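Trainee: Could you have a look at this structure, given as structure tokens, before my questions?
The values are calculated or read from the model by the stated rules, or taken from the named source; none is laboratory data. No experiment lies behind these values; they were computed from the predicted model shown. Backbone-built Cβ (ideal geometry, glycine too); neighbour counts: all protein chains shown. Areas reflect the complete protein model, heavy atoms only, side chains present, ligands, DNA and RNA absent. Shrake-Rupley method; radii C 1.70, N 1.55, O 1.52, S 1.80 Å.
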Amino acid sequence: MFGFVLARLLRSLIVLFATVTFVFIVLRLSGDPAQQMLSDIATPEALAAFRTQWGLDRSIAEQYLLYLANAFQGNFGTSFADGREVFTVIGERVPKTLSVTVPAFLLTMLIGIPAGILAAVRRETAADKAVMAGAVVGYSIPNFLLGVALIYLFAVWLRVLPSSGSSTWQHAILPVATLVLAGAATISRFTRSTLIDVLGQPYIAAARADGIPEREIILRHALPNAAIPLVTMLGFGAGGMLGGAVFVETVFAWPGLGSGFVRAVNSGDLNVVQAMILTFTAFMVSINLTVDILYAALNPKIRLGNHDAS
Amino acid sequence: MNPPLLQARGLQKTFRLRSGPLARSVDHVAVDAIDLDLAPRERIGIVGESGSGKSTLGRLLLGLTPPSAGEVRFDGVAHADRRPGDWKAFRRQTSLVQQNPLSALNPQMTIGQQVAEAVWVHRLADRHGARDQAAAMLEKVGLSAELMDRFPHQMSGGQRQRVVIARALVLSPRLVVFDEAVSALDVSVQAQVVAILRSLWQQLDLAYVFITHDLRIVRHLVDRIAVLYLGRVVETGDIRSVYARPRHPYTRALLSSVPSLDPRVRNVAPPVQGDLDPGKAARGCAFRSRCPLAIERCASETPRLRRIDQGHVACHRAEDVRPLPMATAEVA
Amino acid sequence: MSHLLAVRGLVVQAPARGLKIIDGIDLSLDRGETLGLVGESGCGKSMTCYAIAGALPRGIARTGGSITLQDDADGGTGSPAKPSVAMIFQDPTSSLNPVHTIGHYLESALYRHQGLRGNDARLEAMRLLERVGIDRAKSRLRAYPHQFSGGMNQRVMIAHALAAKPRLLIADEPTTALDVTTQAQILYLLEELRAETGMALLIVSHDLGVIARLADRAAVMYCGKIVETAPIGALLERPAHPYARALIDCMPTIDPDDLEPPTPIAGSVPLLDNLPAGCHFHPRCDRGGRDCVSAYPAPARIGPGHAASCYHPVRP
């Protein structure tokens, strides 16, 4: 198990490194940041001065090595837009994003998993149909439409919640709700189908024949098995939250990584874009790592291999 | 004697097993030093328990997996020398029938389409002609043409396996490997498939390798048999003489494990204990840990196949293996 | 003395579709007796087992008849004494929960059935494993099913069944997925345990050879009905129902003198929603008369403990 974790950790680092390199090269090749920042009317002198100031006049290889050396020390440069440290810019926005995505993810699990279990256990009953109908609704409305619809309903029409900004906790309600509705729909559907599949396995029939109460069959025999594929799905869900954050933060003017990213891309703020992509990648890689480790921890076939334990 | 249709020499397949990403790998020899000759229209049974390497052998013979050592020749041409274009011609002349008929069939296609597909994929007929050929082949396996438009889930297990056989035989292959082709079926359905295979073999220019763990069925389907134990052939010979007088203690154990229909034969102690133990195969006879006749020599010296009567046996003590008692004698 | 197990007129249906999976069967089993249940796939053998074990799958229910389990211990209250019935299955490896260790599996059963926990449970689990022929029991308790062979897992299932101290053990195709040498070992073990504990054994198989090796009596099932019951010797030597005879004739043997290939049974088992009128076997039968299509034949006595539901029984 230790070796397994170590191998996965190593792989995560390689992915991070490859991302840094790939993003760096692609961004340098995709247009002139000086032109973009200073607009078309800038004088050649101003452009040259800008390039010298930001080290853009050196060769790409040189810039890359410099960037790597700085990045290792936690220095990702300064923002072209306002001259602040990129680290500080991102540092401000990460907690904002987490304050929406983490509660959203927890609520997604808290609603999606029990709803899926209920639907699977009460299969073909009104409860199942209600859960699945809700899931179809949450599933089929795109994030941004849902966000706009929620703003219209609660902020414009009912006037009970603020529509944009982040000054109070009430401001978080609509963005979180938007993320949860879509996430919980996916998770509940998946939980249901996985659990139904597990409940059809011979070992469940064997447990029933042994007279084990149905409640215990669900909790101790079926759920631990259903948890194995579910962990993978939750990993996708967590990743989806980050992607969703880009939309939702923009719609609700929430000053997190997502909206910051959109702004930095539009203004050609190279260092910020680059560091943000890295931050997103780091989040995704840690999610994947967690999923891999949990998957192995839950699944004795991976944890132990095929050899006789004795 | 005819030149062999299929010839294997020194065939070996080793799998590298790792229990974890950083664990040391272990080599597992699935098939070890197997020689095999099959003449046109000859039928051979490969018998062994799960883990004996019999399925791997079947895949090696058809070139579906490359050997670690040794070679397979079909019609005199070694698999290793075959170029991509030759493989297509080889595939047209050979076929594989596997155990689970439901997963071998595409649930989205009618059985008529699936049997016809093989014909037009090899451009042997247009779609209309392919359908006619498929219908004729299905007829031969006892499925009327009315069933052509059914989907696999609408058929019984026995009917599905007949569809699989029809698809395997529709191109009139010269060699078919049946890998546990009837094992998942009820005894009554097995009897149907046996009857069909026997009649098809009469009509076709077909040689086949029948891989199975079921000693009762294989007997009615093959001329020769090879008994596999942990990747090695321990006994081979004419089917009737092996069954009448097994010379390897493992063959004898297999035969006497088969439950008889004689109600007086009851409560018979199992002839061998334990499971296959791949860990012990390194030196000496792999069967010795379970063998009632094992002596010191069996641990030190790996027995080679040697000729006894009409067949070949890899056992130091082949001469001491007692004949199988008649069922009635065993009661006492 | 009453039977250990008495099944009377058992009907099992999938109410949603109204199909009768089991259509009024009678069975009885005495203490220490072995009854074999034989027939092709889809004839209702497994459902009979599940019904007796009180574990019918969801969507399938007993809609008629009675199942009476009467043990000496409970003084004949007649209520199904579930703890005294245990069951083992066809595919042992997939019948064991892949996320639980063998030890957990056995110890939780010992707690449930005998109230044992902690060290007592562990010691008893080890003793059970050793009893079913698994050595190095202590370390094996920590193993998971996927680390064992099919034969070993079937031994684990048997040990688990023994934890319930069953008066009746139901074995549903216990060796069908196993190799022939392992099959011989498991059948021998079952017979040993039956003799040792005095439990009754209900063994189900489509393979008459397996039934012949263990059963005292056998019942032949077809399309949810029992078509013949007989002492095993009488059934094998003097089958009265054409279906029973056909099952015997389609059995391959290894007898070197028996050169004829097995005789297949014509056609296939009809689907439940398309059962032939009258005797369900008549379209596949070579003895049918006009009466066969009129009404289902009642069981008729053939000999001592031997009855068959056929208008034209095979005469020896």
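Trainee: If the cut-off is a Cα-Cα distance under 17 Å, which aspartates and glutamates reach A:Lys301, setting aside same-chain residues fewer than 8 apart in sequence?
Mentor: A:Asp292
Trainee: Evaluate E = 1/(1 + (r/R0)^6) for B:Ile295 and C:Asp135, where r is the Cβ-Cβ distance and R0 equals 22 Å; express this FRET efficiency to the nearest 0.05.
Mentor: Working: r = 24 Å, r/R0 = 1.08.
The formula returns an efficiency of 0.40 here.
Trainee: Let me ask something else. Given only helices, namely DSSP H runs of n ≥ 4 each adding -39500 (n - 2.57), what is the per-residue ellipticity at 222 nm of chain A, to the nearest 500 deg cm²/dmol?
Mentor: Values: 13 runs with 229 residues, N = 310.
Helices in chain A give a 222 nm mean residue ellipticity of -25000 deg cm²/dmol.
Trainee: Give me the net charge for the shell around C:Cys292: Cβ to Cβ below 12 angstrom, other residues only, Lys and Arg +1, Asp and Glu -1. Walk me through the intermediate numbers first.
Mentor: Working: positive: C:Arg284, C:Arg287, C:Arg290; negative: C:Asp286, C:Asp291.
Neighbour charge sum, excluding C:Cys292 itself: +1.
Trainee: Chains C and A: how much accessible area gets covered up at their contact, both sides added, probe 1.4 Å, in Å² to the nearest hundred? Present the calculation step by step, with values, prior to reporting the outcome.
Mentor: Working: alone 14990 and 16970 Å², together 29610 Å².
Heavy-atom accessible area buried at this interface is about 2400 Å².
Trainee: Share of chain C's accessible area from carbon and sulfur, percent, 1.4 Å? Can you show the working numbers first?
Mentor: Details: 6100 of 11900 Å².
Here it works out to 51 percent.
Trainee: Residues of the range C:92-108 that become at least 30 Å² less accessible with every protein chain present than in their own chain isolated, using 1.4 Å: which are they?
Mentor: C:Ser94, C:Ser95, C:Asn97, C:Pro98, C:Val99, C:His100
Trainee: Give the residue from B:Leu6, B:Gly231, B:Gln273 lying farthest towards the positive end of the charge dipole for the protein assembly as shown; charges sit on Cβ (+1 for Lys and Arg, -1 for Asp and Glu) and the dipole is referred to the Cα centre.
Mentor: B:Gln273
Trainee: On to the next question. Would you calculate the separation in nanometres between label points at B:Asp37 and C:Asn119, each defined as 7 Å from the Cα along the Cα-to-beta-carbon direction?
Mentor: So the label points at B:Asp37 and C:Asn119 sit 6.8 nm apart.
Trainee: Shifting gears a bit: Using a 1.4 Å probe, what is the accessible area per residue for the range A:89-267, in Å²? Write out the running numbers ahead of the final one.
Mentor: Details: 8170 Å² over 179 residues.
On a per-residue basis, the range A:89-267 sits at 46 Å².
Trainee: Run the helix sum for chain C: -39,500 (n - 2.57) per DSSP H stretch of 4+ residues, divided by residue count, reported at 222 nm to the nearest 500 deg cm²/dmol. Before the final figure, lay out the partial values.
Mentor: Values: 9 runs with 93 residues, N = 316.
Per the formula, -8500 deg cm²/dmol.
Trainee: With n ≥ 4 as the cut-off for DSSP H runs, can you work out [θ] at 222 nm for chain B, using -39500 (n - 2.57) per run divided by the number of residues, rounded to the nearest 500?
Mentor: Numbers: 12 runs with 106 residues, N = 332.
Helix-only estimate at 222 nm: -9000 deg cm²/dmol.
Trainee: Ordering B:Arg167, C:Arg315, A:Arg11, C:Arg290 by accessible area with a probe of 1.4 Å, largest first, what comes out?
Mentor: Details: B:Arg167 70, C:Arg315 170, A:Arg11 130, C:Arg290 215 Å².
Ranked list, largest accessible area first: C:Arg290, C:Arg315, A:Arg11, B:Arg167.
Trainee: Find how many whole Å separate the alpha carbon centroid of the range C:228-258 from the alpha carbon centroid of the range A:122-200.
Mentor: Value for the Cα centre distance between the two parts: 64 Å.
Trainee: Can you send over the solvent-accessible area of A:Ser167, 1.4 Å probe, protein chains only, in Å² to the nearest 10?
Mentor: Number for this one is 100 Å².
Trainee: Over all directions, average the projected area of the Cα convex hull of chain B and note it in nm².
Mentor: Working: hull surface 79.6 nm².
Result: a mean projected hull area of 19.9 nm².
Trainee: Okay, next question. State, in angstrom, two size descriptors of chain C derived from its alpha carbons: Rg to one decimal place and Dmax to the nearest whole number.
Mentor: When restricted to Cα atoms, chain C yields Rg and Dmax of 20.4, 68 Å.
Trainee: Which value, in square angstrom to the nearest 100, describes the accessible area buried between chains C and B on both sides, using a 1.4 angstrom probe? Walk me through the numbers on the way to the answer.
Mentor: Working: alone 14990 and 17020 Å², together 28110 Å².
So the total buried area for this chain pair works out to about 3900 Å².
Trainee: Tell me the per residue accessible area of chain C using a 1.4 Å probe; a whole number in Å² is fine.
Mentor: Details: 11900 Å² over 316 residues.
Dividing the accessible area of chain C by its residue count gives 38 Å².
Trainee: Also: Quick one: what are the phi-derived ³J(HN,Hα) couplings along the range B:105-121, Karplus 6.51/-1.76/1.60 with θ = phi - 60°, whole Hz, x for glycine and proline?
Mentor: 10, 6, x, 8, 10, 5, 5, x, 4, 5, 6, 5, 3, 4, 5, 7, 4
Trainee: Which listed residue (B:Val187, B:Ser199, B:Gln93) has the Cα farthest towards the positive end of the charge dipole for chain B, taking +1 on Lys and Arg C-beta and -1 on Asp and Glu C-beta about the Cα centre?
Mentor: The listed residue farthest towards the positive side: B:Gln93.
Trainee: Moving on to the next point. In nanometres, what is the gap between the two model label sites at A:Leu65 and A:Ser164, each 7 Å from Cα along Cα-to-Cβ?
Mentor: So the two model labels end up 4.6 nm from each other.
Trainee: Can you tell me how chain A classifies by the Cα gyration tensor, rounded, prolate or oblate, using a/c under 1.5 as the rounded cut?
Mentor: Oblate is the answer for chain A, as a/c is 1.5 or above yet b/c matches or exceeds a/b.
Trainee: Could you tell me the convex hull volume per residue, in Å³, taken over the Cα atoms of the range A:2-71? Could you put the intermediate results ahead of the total?
Mentor: Numbers: hull volume 6.4 nm³, N = 70.
Normalising the Cα hull of the range A:2-71 by residue number yields 91 Å³.
Trainee: Give me the residues in the range C:202-250 whose solvent-accessible area, probe 1.4 Å, is reduced by at least 50 Å² once all protein chains are included instead of the chain isolated.
Mentor: SASA drop of 50 Å² or more in the range C:202-250: C:His206, C:Arg213.
Trainee: Find the accessible area per residue for the range A:2-71; the probe is 1.4 Å, ligands and nucleic acids are left out, and the unit is Å². If you can, show how the numbers build up before the last one.
Mentor: On the way: 4460 Å² over 70 residues.
Ligands and nucleic acids excluded, the result is 64 Å² per residue.
Trainee: To continue, here is another question. Rounded to whole Å, give me the distance from the Cα center of the range C:163-190 to that of the range C:276-316.
Mentor: 32 Å
Trainee: Let me ask something else about it. Can you tell me the alpha carbon radius of gyration of the range B:207-285 divided by the globular rule-of-thumb value 2.2 N^0.38 Å?
Mentor: Numbers: Rg = 13.8 Å, N = 79, 2.2 N^0.38 = 11.6 Å.
Relative to the rule-of-thumb radius for its length, the range B:207-285 sits at 1.20.
Trainee: Right, next: Report ³J(HN,Hα) in whole Hz for each residue of the range A:160-169, in order, from the Karplus equation J = 6.51 cos²θ - 1.76 cosθ + 1.60 where θ = phi - 60°; Gly and Pro get x.
Mentor: Working through the residues one at a time gives 9, 9, x, 8, 8, x, 8, 6, 10, 5 Hz.
Trainee: Considering only protein heavy atoms and a 1.4 Å probe, what is the carbon-and-sulfur percentage of the accessible area of the range A:89-267? Could you put the intermediate results ahead of the total?
Mentor: Details: 5690 of 8170 Å².
Carbon and sulfur: 70 percent of the exposed surface of the range A:89-267.
Trainee: Keeping the other protein chains in place, figure out the carbon and sulfur percent of the accessible area of the range B:131-199, with a 1.4 Å probe.
Mentor: C and S atoms contribute 45 percent here.
Trainee: Measure up B:Lys54/B:Lys88; C:Lys20/C:Lys165; C:Lys45/C:Lys138; C:Lys45/C:Lys165; B:Lys88/B:Lys140 against 28 Å on the Cα-Cα distance and list the ones that go over. List each step's numbers first, then the result.
Mentor: Details: B:Lys54/B:Lys88 25 Å; C:Lys20/C:Lys165 33 Å; C:Lys45/C:Lys138 37 Å; C:Lys45/C:Lys165 24 Å; B:Lys88/B:Lys140 26 Å.
Long pairs (Cα-Cα over 28 Å): C:Lys20/C:Lys165; C:Lys45/C:Lys138.
Trainee: Rg and Dmax in Å for the protein assembly as shown, alpha carbons only: what are they?
Mentor: In order Rg, Dmax, the Cα atoms of the protein assembly as shown give 34.2, 115 Å.
Trainee: Antiparallel versus total DSSP beta bridges in the protein assembly as shown: what percent is that, nearest 5? Don't skip to the answer; put the middle values down first.
Mentor: On the way: 54 of 90 bridges.
Bridges in the protein assembly as shown that DSSP calls antiparallel: roughly 60 percent.
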